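Asks: One structure is given below, represented as structure tokens, and several questions about it will come after.
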Amino acid sequence: MLGSTRRSFTEEYRAQAVAFVLGEGRPVAEVARNIGVHEMTLRKWVRKARESGGSDDPADEGSTDSERVELARLRAENAELKMQVAFAKKVATWFAKDQR
């Protein structure tokens with residue numbers, strides 16, 4: 001197909017997106033819209049994470065359930081802050097171009 005590009009996502013990006021859904025209980029559709037991923041793609045990531053029993057992160061081994069929940073929450077918060085920073089950069093760039 002002409003003009004068709006397949007996007008690839010890092011495991012960290014996928015884990016953070018899944019943490020938004022599983023760690024914070026946000027709807028898949030909302031998270032997918034916010035991070036710019038197709039809803040079905042995010043649903044597949046969430047399903048895979050549930051089937052694998054959560055995280056593949058070696059740092060999670062030996063952690064209590066409350067620590068895993070807190071870690072997922074912090075990862076989701078970190079991902080959201082990164083998205084906010086990226087958005088702020090885009091807005092700043094847009095305003096800078098507009099000022100010329």
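Bear in mind that the values in this text are calculations on the coordinates, not laboratory data. Because the structure is predicted, anything quoted here is derived from the model rather than measured. Every residue, glycine among them, receives a Cβ derived from its backbone with ideal geometry; neighbour counts consider all protein chains shown.
Asks: Looking at the P(r) of the chain, how many percent of alpha-carbon pairs lie beyond 19 Å?
Replies: Numbers: 2449 of 4950 pairs.
Value for the chain: 49 percent of Cα pairs lie more than 19 Å apart.
Asks: Which residue, chosen from 79, 66, 53, occupies the Cα position most advanced towards the positive end of the dipole of the range 11-98, where the dipole is computed from +1 (Lys, Arg) and -1 (Asp, Glu) charges on Cβ about the Cα centre?
Replies: 79
Asks: Another question, then. Quick one: compute the contact order of the chain, relative version, from alpha carbon pairs under 8 angstrom and 6+ residues apart, as a percent. The partial results should precede the final answer.
Replies: On the way: 47 pairs, mean separation 33.1, N = 100.
33 percent.
Asks: So how strong a dipole does the chain carry about its Cα centre when Lys and Arg Cβ are +1 and Asp and Glu Cβ are -1, to the nearest 20 debye? Could the numbers behind the result be given before it?
Replies: On the way: 18 positive and 16 negative charges, 163 e Å.
Roughly 780 debye for the chain.
Asks: Using only Cα atoms, find the angle between the long axis of helix 11-22 and the longest principal axis of the chain, and express it within 0 to 90 degrees, rounded to the nearest 10.
Replies: Orientation of helix 11-22: about 70 degrees from the principal axis.
Asks: Under 14 Å from the Cβ of residue 24, count the other residues' Cβ atoms, weight Lys and Arg +1, Asp and Glu -1, and hand me the total.
Replies: Details: positive: 26, 68, 73, 75; negative: 30, 70, 77, 80.
Surrounding charge for residue 24 is 0.
Asks: If you don't mind, another one. What is the packing order of peptides 17-25, 79-87, 67-75, taking the mean over residues of other C-beta atoms within 10 Å and listing the highest first?
Replies: So the order, starting with the most tightly packed, is 17-25, 67-75, 79-87.
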